[in-house]
Amino acid sequence: MTPTDLIWCYSKKVNSNIIPSWSGFMEQCTAKNENLATSKVVPLRFVNNPPSQFDTIFTVLLEADRECKSKGQKNCFVTFDQPLYFKAREILACQNTNDVDYNLSSVIVRLGGFNTVMSYIGAIGRDKLFK
């Protein structure tokens, strides 16, 4: 948790009516900050292999990590649909962080937006949501 996170949590607890939501708070904190680094969204090359195989997912994670490092980014966000997301998480959980050639500690795997929404709808119940 960063100092900004702690400040927001404490302020929200003490003055919940005055402090804006997290996104509003972050916008106010960074509105005049000119030292923010710009990140990039970079599409990767097409991998012509079966997408559900572990070696294909591992190759994609390695290529994404190498591309981010070549651009000087600290973290690499990779988005997968649900079946591939679980396999990517398993790969990251099993990796050896001491292995210099295959260190994926800067890779952050995200579940795609469609699958996130579908999970949310499934948790609430479609009938309750669309009445």
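Here are the numbers:
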read-out: All positions within the stretch 49-69 that are of a type outside the set (Val, Ile, Thr) and in contact (Cβ under 8 Å) with a residue 12 or more places away in the chain; value: 51, 52, 54, 58, 61, 62, 63, 64, 65, 67, 68, 69
read-out: Residues being assigned to a strand (DSSP E or B) and loosely packed, with under 12 Cβ neighbours inside 10 Å - total across the stretch 75-93; value: 0
read-out: Candidate set: the stretch 94-110, residues that are of a type outside the set (Ser, Thr, Tyr) and under 12 Å from the mean Cα position of the chain (by Cα); chosen: the one surrounded by the most Cβ atoms within 10 Å (Cβ to Cβ); value: 109
read-out: Odd one out for residue 72 among (1) more than 21 Å from the chain's Cα centre (by Cα); (2) on the phi > 0 side of the Ramachandran plot; (3) of a type in the set (Gly, Ala, Ser); value: (1)
read-out: Filtered residue count, the stretch 14-61, keeping only those that are within 23 Å of the chain's Cα centre (by Cα), loosely packed, with under 11 Cβ neighbours inside 10 Å and β-branched (Val, Ile, Thr); value: 2
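Quick grid of which residues meet (1) modelled with pLDDT under 85; (2) within 26 Å of residue 3 (Cα to Cα):
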| site | (1), (2) |
| --- | --- |
| 16 | yes, yes |
| 81 | no, no |
| 105 | no, yes |
| 111 | no, no |
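The values are calculated or read from the model by the stated rules, or taken from the named source; none is laboratory data. No experiment lies behind these values; they were computed from the predicted model shown. When we count neighbours, we look across all protein chains shown, and the Cβ atoms used for this are built from the backbone with ideal geometry, even at glycine.
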